[in-house]
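See below for the structure under consideration.
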Amino acid sequence: LRKQSLESLTAEEKGYLAVFILEESTTIYVPIDDGIVGGLLARQIVFRSSNVFDMVEGAPYNLQPWARQHLAANLHLLAGAVGRPVTLKEKLRADRW
């Protein structure tokens, strides 16, 4: 069932997960109220790696080992990825321009 959940990802969810696989990142940082990471968290695809975080930098999330292994072996599941995780700090900088 867990692996099946990786077959029905939205384009935005794929964008978040692509960072883990294609950029070989261990951790992404996003605001605690980010809906995309919230959905991935609810399906146990990612987990918050620390309860200590900064509201501007965001909370740290890591990819579950089973998900990393399955996505790395099935890169086609990330096809059509859109966007990437963005911290509040990055959003604030973008809004200035």
(Q) Tell me whether the range 57-79 contains one or more residues that are exposed (fewer than 12 other Cβ atoms within 10 Å of the Cβ), in contact (Cβ under 8 Å) with a residue 40 or more places away in the chain and either assigned to a loop (DSSP other than H, G, I, E, B) or among the small types (Gly, Ala, Ser) (or both). (A) yes
Q: Hey, could you check the range 20-56 for residues that are in a helix (DSSP H, G or I) and closer than 19 Å to LEU1 by Cβ and say which is least open to solvent (accessible area, probe 1.4 Å)?
A: LEU40
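Rundown of residues vs (1) closer than 25 Å to LEU92 by Cα; (2) under 11 Å from the mean Cα position of the chain (by Cα); (3) not β-branched (Val, Ile, Thr), yes/no style:
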| residue | (1), (2), (3) |
| --- | --- |
| ARG2 | no, no, yes |
| SER5 | no, no, yes |
| SER8 | no, no, yes |
| GLY15 | yes, yes, yes |
| LEU22 | no, no, yes |
| SER25 | yes, yes, yes |
| GLY58 | yes, no, yes |
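The values are calculated or read from the model by the stated rules, or taken from the named source; none is laboratory data. Being a predicted model, the structure only gives us computed values, none of them experimental. Cβ atoms come from the backbone with ideal geometry, glycine included; neighbour counts cover every protein chain shown. Heavy atoms of the whole protein, side chains included, go into the accessibility calculation; ligands, DNA and RNA do not. Shrake-Rupley method; radii C 1.70, N 1.55, O 1.52, S 1.80 Å.
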